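Please read the structure below before turning to the comments.
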Amino acid sequence: SLEHRVQFRSELLVQLDITTGEDGNFAALWETSLAMSPDTIFLDDIQTSEEVTSLLEGAAAGITVIAQVRAPGTITALGKLLDLKIDAGALGRNLLGVVSRRAYRRLCPECRKAKILSAEEAQAFGFDTGVTVYVAGSCDTCHGGYVGERMVFDVRAHSPELADLIKAASADREVLQSLPRDLPTSLTLALREAVVAGDIAIDDAARRLC
């Protein structure tokens, strides 16, 4: 695990702190990690073109690479990688997939309130007319209508179409906007399911669903 700042130690991982490398030299730590013949390499946050290029080389050599890109979503994450002036073709070929996650407040199941969307609201949010959703209530067991968090995920597995899209986006970032938003594993559909299940308030989800 290559980390820009090791926040906690794990006996399950060999952890290398990038900030303590020789002059912050990522290349040196990368070579050190490869010398261990790892099956999997983790990087806590891609920050430079040197890092992502090294990771792509590792992936091409058969190493499973898992890296985090701090971005609001899949489209912006891919755009951020391409902005580092990397080989878009290599990224498309070696990318196993992209997983985006987002946390929402979880509605209290004891006091949440049902709401039937109007035809106009249902159309705006992509629901069927007459669907029941939920909003926050208030009770003695929760904090203003919410308890904890509910995660939703957007999962984009590798495909020839995704690889071609990434390659085209290297010349025109706007191409990424054509990334399908209604796949069975998309964040939008996962969010709709959580709203109908009563886990997430329609008020919290509205901006993403519109």
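The values are calculated or read from the model by the stated rules, or taken from the named source; none is laboratory data. Remember, it's a predicted structure, so these values are computed and weren't measured experimentally. So basically every Cβ, Gly included, is an ideal-geometry build from the backbone, and we count neighbours across all protein chains shown. Remember, those area values only see protein heavy atoms, side chains included, never the ligands or the DNA or RNA. Shrake-Rupley method; radii C 1.70, N 1.55, O 1.52, S 1.80 Å.
Worth pointing out:
- With every protein chain in place, segment 46-166: carbon and sulfur % of accessible area (1.4 Å): 51
- In summary, the convex hull built on the alpha carbon positions of segment 120-203 has an orientation-averaged projected area of 7.6 nm².
- Based on DSSP H segments of at least four residues, each scored -39500 (n - 2.57), the chain has a per-residue ellipticity at 222 nm of -10000 deg cm²/dmol.
- P(r) weight above 13 Å for segment 113-166, C-alpha pairs, percent: 74
- Unmatched cysteines, the chain - criterion: no other Cβ of a Cys under 4.7 angstrom: Cys210
- Exposed GluC sites (Glu not before Pro) absent - longest run of the chain, DSSP non-H/G/I/E/B, at most 14 other C-beta within 10 Å: 111-210
- Viscosity 1.567 mPa s, temperature 4 °C, Stokes-Einstein D of segment 1-134 from Kirkwood C-alpha radius, µm²/s: 72
- Given the chain, longest segment not containing exposed loop trypsin sites (Lys or Arg not before Pro) (DSSP; at most 14 other Cβ within 10 Å): 86-180
- Note on Asp44: accessible area is roughly 40 Å² with a 1.4 Å probe, heavy atoms of protein only.
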